[in-house]
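Readers should treat all values here as calculations from the given coordinates under stated rules, not as data from a laboratory. Since we're looking at a predicted model, the values are computed, not measured. When we count neighbours, we look across all protein chains shown, and the Cβ atoms used for this are built from the backbone with ideal geometry, even at glycine.
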Amino acid sequence: MDFLKKIETDLSAAFVQNGYIVQQCENLSALDKIRHKTVDLATNFLEVPYPEDAGEFLDKIFSLVPVEKLNSFRLHIISGLMAEAWFREAYFSCARSLVETIVGNELVMQRNIGLSIQFPGDDSSLLPLHSDSWGSECSPFEVVLWIPLVDCHRTKSMFILPPAADAKWRERVKEFAGAGTESLYRAVEPEIEWLEVPYGNVVLFTPTIMHGNRLNQESTTRWSMNIRFKGLFTPYSDKRLGEYFAPIAVRAASKIGMKFTMPGGFNE
């Protein structure tokens with residue numbers, strides 16, 4: 001039996017087949033607030049005035065930040081965003097119904113935020129081809145909510161290997177054990193998909209499939225955020241509840257059940 005609504009069934013089928021979904025942000029005002037705060041933190045770090053065009057400012061940030069200061073700049077923005085009490089709920093609201101459809105409505109959310117700032121031609125922020133679930137740290141029940149703060153396309157974006165191709169190449173990974181990740185990438189490259197994600201859209205994808213980024217060969221900077229979600233009661237790997245993940249949606253019946261104890265002597 002399947003009691004999902006048609007829209008839920010369609011979204012679920014697309015996610016299973018493609019490994020990801022790109023859709024419009026469900027709360028654009030929240031996304032704008034996140035981008036505004038990001039720009040505010042950036043201008044604070046650089047000691048420059050707030051720009052008239054936030055998107056253009058972020059696109060051209062490479063002209064203001066030396067590569068050797070990029071990591072400290074990135075950490076400044078992450079800590080500033082995480083210090084805001086509203087940030088995590090705002091981020092979730094950008095795709096709440098999508099996450100609930102794909103994952104469920106009792107959820108945990110990654111405690112920290114991932115932030116990628118990739119300058120044109122800079123090889124210091126590359127994320128080679130990988131699948132998070134191949135190691136012991138990532139549960140295959142996780143999903144990643146990836147949100148760009150600028151228009152992302154081609155090498156300014158991320159790539160994924162669709163599930164059917166991923167399954168085929170996964171069986172052959174051992175053939176590349178001595179050749180390295182780059183050799184594997186070259187083999188799968190004809191089958192990868194580059195995600196086109198304009199600002200105002202979000203991506204939800206499964207980290208079980210191979211994905212990553214390459215050298216940004218576009219003329220502007222990539223800015224993207226990512227946070228993981230999973231079902232509260234699904235299996236965990238090394239990234240534990242309370243350490244890596246924090247509950248954000250626990251239903252009443254679950255709260256009662258987790259606190260329930262049998263009365264003494266009941267089974268005597």
| task | Rank 57, 102, 31 by how far each Cα sits towards the positive end of the charge dipole of segment 13-115 (+1 on Lys, Arg Cβ; -1 on Asp, Glu Cβ) and give me just the farthest. | result | 102
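Using a Förster distance of 51 Å, how high is the FRET efficiency between residue 234 and residue 56, based on the Cβ-Cβ distance and rounded to 0.05?
It comes to 0.80.
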| query | Taking the C-alpha atoms of segment 16-257, how large are the radius of gyration and the largest Cα-Cα span, Dmax, in Å? | reply | 18.2, 55
| query | Taking Cα centroids, how far is segment 71-143 from segment 145-215 in Å? | reply | 16
| remark: So the FRET efficiency between residue 252 and residue 10, C-beta based with R0 = 41 Å and rounded to 0.05, is 0.85
| query | With each label point set 7 Å from Cα along the Cα-Cβ vector, what nm distance links residue 71 and residue 215? | reply | 2.1
| task | Go through segment 105-120 residue by residue and turn each phi into a ³J(HN,Hα) via Karplus (6.51, -1.76, 1.60, θ = phi - 60°); whole Hz please, and just put x for glycine and proline. | result | 10, 10, 10, 10, 10, 3, 6, 9, 10, x, 10, 10, 10, 10, 5, x
| said: Under a crude label model (7 Å from the Cα following the beta-carbon direction), how far is residue 86 from residue 134 in nanometres? | reply: 4.2
| Using alpha-carbon pairs under 8 Å, 6+ residues apart, how would you state the relative contact order of segment 101-198 in percent? | 35
| field | Global geometry of segment 50-178, whether rounded, prolate or oblate, following the gyration tensor of its Cα atoms and the 1.5 cut on a/c | value | oblate
| message | Relative contact order for the chain: what percent, with Cα pairs under 8 Å and sequence separation of 6 or more? | response | 31
| task | Give, as a single signed number, the net charge of other residues whose beta carbon lies under 12 Å from the beta carbon of residue 182, with Lys and Arg counted +1 and Asp and Glu -1. | result | +1
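Apply the a/c threshold of 1.5 to the C-alpha gyration tensor of segment 188-234 and tell me whether it is rounded, prolate or oblate.
oblate
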| task | State, as an integer percentage, the relative contact order of segment 136-268 based on alpha-carbon contacts under 8 Å between residues 6 or more apart. | result | 44
| remark: Ordering 178-191, 71-84, 204-217 by per-residue average of other C-beta atoms within 10 angstrom, highest first, gives 204-217, 71-84, 178-191
| task | Mind checking which lysines have their Cα closer than 19 Å to the Cα of residue 37? Skip sequence neighbours fewer than 8 apart in that chain. | result | 60
| query | When the Karplus curve 6.51 cos²θ - 1.76 cosθ + 1.60 is applied with θ = phi - 60°, which whole-Hz ³J(HN,Hα) does each residue of segment 95-101 get, with x for Gly and Pro? | reply | 8, 4, 5, 5, 4, 5, 5
| message | Please enumerate, by chain and number, the aspartates and glutamates with C-alpha under 13 Å from the C-alpha of residue 239, excluding those fewer than 8 residues away in the same chain. | response | 132, 137, 142
| field | Net charge, residue 50 excluded, C-beta distance under 13 Å - Lys, Arg +1, Asp, Glu -1 | value | -3
| request: Mind ranking 194-203, 245-254 by how tightly packed they are, going by the mean number of other C-beta atoms within 10 angstrom, highest first? | output: 194-203, 245-254
| field | Within segment 87-111, backbone nitrogen closer than 18 Å to the virtual label 7 Å beyond the Cα of residue 32 toward Cβ | value | 87, 90-95
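If packing is taken as the average number of other Cβ atoms within 10 Å across a peptide's residues, how do 28-39, 10-21 rank, most packed first?
Listed from highest to lowest mean packing, they are 28-39, 10-21.
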| Taking K and R as +1 and D and E as -1, what net charge do the other residues with C-beta under 13 Å from the C-beta of residue 122 add up to? | +2
| Cα→Cβ-extended label distance, 7 Å offset, between residue 44 and residue 187, nm | 4.8
| query | What residues have an amide H closer than 5 Å to that of residue 27, excluding those fewer than 5 places away on the same chain, when H is modeled at 1.01 Å from N in the peptide plane? | reply | none
